[in-house]
Structures are given as structure tokens and as C-alpha cells.
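Notes follow the structure.
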Amino acid sequence: METLAYPGVQETLYRELMPNGLEVVVLPKQGFSKTYATFSTKYGSVDNRFAVGSQEPISVPDGIAHFLEHKMFEEPTGDIFATFASQGASANAFTSFDRTVYLFSATEQIEANLETLIDFVQNPYFTDENVEKEKGIIEQEINMYRDNADWRVYFGLIDALYHKHPIHIDIAGTVESIRQIDKETLYRCYETFYHPSNMFLFVVGGVEPEAVMKLVRDNQARKTFEPQGAIERFFEPEPGTVKEPIKKTALPVSMPKCMIGFKESRGSDDPEEMLRTELTMKLMLDALLGSSSPIYHALYDDTLITDSFGHEFNSSEDYAFSVIGGETRDPDELLRRLREAIEAAQAKGLDQEAFERTKRKKIGGYLRMLNSPEAIASEFTRYRFRGADLFKLLPVYEEITLEEANARLRSHFDWSRMAVSIVAKDEV
């Protein structure tokens, strides 16, 4: 068992790589009554074309990672949620663009819940009958989200930004794509992406590291996994342009929703560079458009935005884009005012004092996050799968300069790579 000390944030992690390739990290938190565990696979909605080792690439239906997540909770003996509940735990799961995460939180019977988490994820149970039944359930979910204005404006923006990359496809897929899913394809994807060498177990809370490691060692020793070659993912070349400059969706909303996105050519293959870019973008966007910024206050005072207005930046090796927006009474006027304000900021640069204040705010938020087992588990796994380390963010935040933020301000907001998504009533 390896010890990883982070004196800057006063944390110590314990790591072990199991013989079958499963990476396990434990973060003990003295005095914490709750324990939070995540069992994650580096497999998300974008992984729809892949190969293992020297095998030929295969393409699978969109939405299959999410479909697989749903089916994992079904056991021959019944629903696994009932087992967790009987052991005093709350369990859940989610699928994102690039990972699937199974989790539980509990204050008691930690070892029993940990065994349950590992065993159900490593014991798939798919039949022709239960796969067909699930299609109807997920069709209902897809149709439900089609009536969700927040969901439609967000994924409408990504669809407007991207021509080819599967990030523009809804995580759940489409009604047509999930109808193509069968038991054999589910097992193929499971055997590829749920191999221990592609998975990561993280446990944080009031636990003893050696006890957790012994439990996992013994659990994995009872199972057999054949060695697996490297997984290669394939994506079509993505044009540098946006697919649609503006995408409008009609839904019965009380106030229009408007999101603006700026597309970059791609992310970075260097995890450290990707991390620094992400944190620089977060600092720049918050200093420019955050709730303390002059731009935000001017738009809010003129009732062009509500407190739903926000921003984010998403990136991986293959994509990078920002999202800005929220509710607005006048999308066209909001767009005009935002462009005017951003161009003015590009000309003169960010205010030094505002930038330093934003940096202190971000560092404070990061340190507070380290008191939340749930946030630590989710963020540590996200960064780990990208080759970065959550507990090394502090020095990166401290090193980022105003010059770097201004460089991102001037390069990121390329109006030829902007797309807009608007959800409004028919007559708007």
C-alpha cells in the first residue's frame, strides 16, 4: 500500500493497485461519521466506437453506457437498491460523457456496503427479457427530458457546437438508438469497459485504510478476470466550425432560456496542461461574468438575466467548450450586450484586483470542498481519469497569472466559433 501525502491541504491518501489492475484509493477522515464510496469506470456516452488490443474496432448504439448503468442494478434476486437500504446505505449511479459512477453513502455497515458495491458492479445480469423491458423505461426517460427546458437548452447548445463528435448526442441516446441495443452488445461493452484495469474504487470517510484494502484484496482474489489489452477509442475528425450558429427550440416556458457556447479546436493530451487550462478558464470566466462582476450586475439591474445566469468550461483530450447563460426576457438583447461587454474586456484586459479576488474565492471554495466526502469522491475520480490529481489544484490556482487569464480571454471568445441555443414559447 502506497502513502500519498499532501501537506499543502493536510491530507494523506492510501493507494494500492490490485493484481487484476483495479486501482483503489482510500482517504481516511478522522471524526467523520459518513463514509462515501464510488466505483467508477472510464466509460461514458462518447465511447460509441472502440477496439481492445489488436481487435477490429466496433461501433455500438448511442446511449448504451447509460443503458448499461441502468441494467447493473438488476440482480437475479431483485433490485440491489433494497440491499443497500437494508444495510443503512443510500446508493445511486450516474453516467456522464466520459465515465460511469456507482456510489453509496452510509454511517454504518461500511464493510457490508462496500462488498455489495463491488460485487453487484462486477456481476452483470442481462437477459433478453429484462433488456427489452428496460428499453421502455429509458424511452420514457428520454421523452421526459425532451420536455425539460434546462436539459433541452444545454444539449441543444452542444448539438449546435459539434458536427461529428459524439458529445453532441444525448447521454441517454435516442429512442431509435436504444431500440438497437441487445443483450450481446451489453455484455460486449461490459466486458470491455468494466474490466478492473479500466476501473477505480475511491473510499473517503471514517475508515481504516488497511481494513479497506484487505477487504478489496480478498474480494478480488475470489474472482477471475482475464488480462485485457488497451482500450482505444475512435472519433471522426471534428471540423473547427460550429454546426449551427443558432438553435431554437419551442417549449411552453414562462421565460426564455438562452445559452451561448464557444468551441475550441480540441483539448490537450497533456494532463497538466489540461488542468491548468481548465482552472485558468474558470478564473477568467468568474472574474469576467461571475456574480461579483460589473457585467453581471449591469445585466441583472437591467433585468436581462436572473440568478440562474452562470458559466462553465468543459474539456477533454478531444473537445473543449464554454457555456454561458440562463433565463432572460430578451435573448437577442442579452447576446448583444454580452458581446459588447466581452469585446470591451478583451481590449483592456481583466482588472487586477478583481482577478486576485476571484482567485481567493476559488481557492476558498476548493478548500471548503475538501470537507465534503461526496464532492471529494466525485472530483477525485473525474481528475484521476484525466491523468490529473484533485489534491494538486491548490498550487496551480496560486501560480496562474493575470496575463494567462487575459490570454485566454482574448483567444477563447472567437465569435466565428460561437453557437447559441434558445428555448422559448412558439411566438418568441
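The values are calculated or read from the model by the stated rules, or taken from the named source; none is laboratory data. Here the structure is a predicted model, which is why all the values come from computation and not from measurement. We place every Cβ from the backbone using ideal geometry, glycine too, and count neighbours over all the protein chains shown.
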message: Any residue at all in segment 163-175 that's surrounded by 19 or more Cβ atoms within 10 Å (Cβ to Cβ), among the small types (Gly, Ala, Ser) and at pLDDT below 95?
response: yes
query: Mind checking which residues of segment 392-415 are in contact (Cβ under 8 Å) with a residue 12 or more places away in the chain, in a helix (DSSP H, G or I) and either more than 17 Å from Tyr366 (Cβ to Cβ) or small (Gly, Ala, Ser) (or both)?
result: Leu402, Glu404, Ala405, Asn406, Arg408, Leu409, Arg410, His412, Trp415
field: Flag for Ser315 being over 27 Å from Arg99 (Cα atoms) and touching a residue at least 40 places away in the same chain (Cβ under 8 Å)
entry: no
task: Check whether at least one residue in segment 393-416 is loosely packed, with under 14 Cβ neighbours inside 10 Å and either among the hydrophobic types (A, V, I, L, M, F, W, C) or outside the structural domain of Ala347 (by TED's automatic domain parsing) (or both), and report yes or no.
output: yes
- request: Please enumerate the residues belonging to segment 303-325 that are modelled with pLDDT of 95 or more, surrounded by fewer than 19 Cβ atoms within 10 Å (Cβ to Cβ) and outside any loop (DSSP other than H, G, I, E, B).
  value: Gly310, Glu312
message: Quick check on Glu132: is it surrounded by 15 or more Cβ atoms within 10 Å (Cβ to Cβ) and either in contact with a Pro (Cβ under 8 Å, 6 or more places away or on another chain) or in a helix (DSSP H, G or I) (or both)?
response: no
task: Working only within segment 344-388, note down all residues that are in contact (Cβ under 8 Å) with a residue 40 or more places away in the chain, over 15 Å from Met284 (Cβ atoms) and not small (Gly, Ala, Ser).
output: Leu367, Leu370, Pro373, Glu374, Ile376, Phe380, Thr381, Arg382, Tyr383, Arg384, Phe385, Arg386
field: Among (1) touching a residue at least 40 places away in the same chain (Cβ under 8 Å); (2) of a type outside the set (Phe, Trp, Tyr); (3) over 20 Å from Thr38 (Cα atoms); (4) surrounded by fewer than 20 Cβ atoms within 10 Å (Cβ to Cβ), the one test that Glu208 misses
entry: (3)
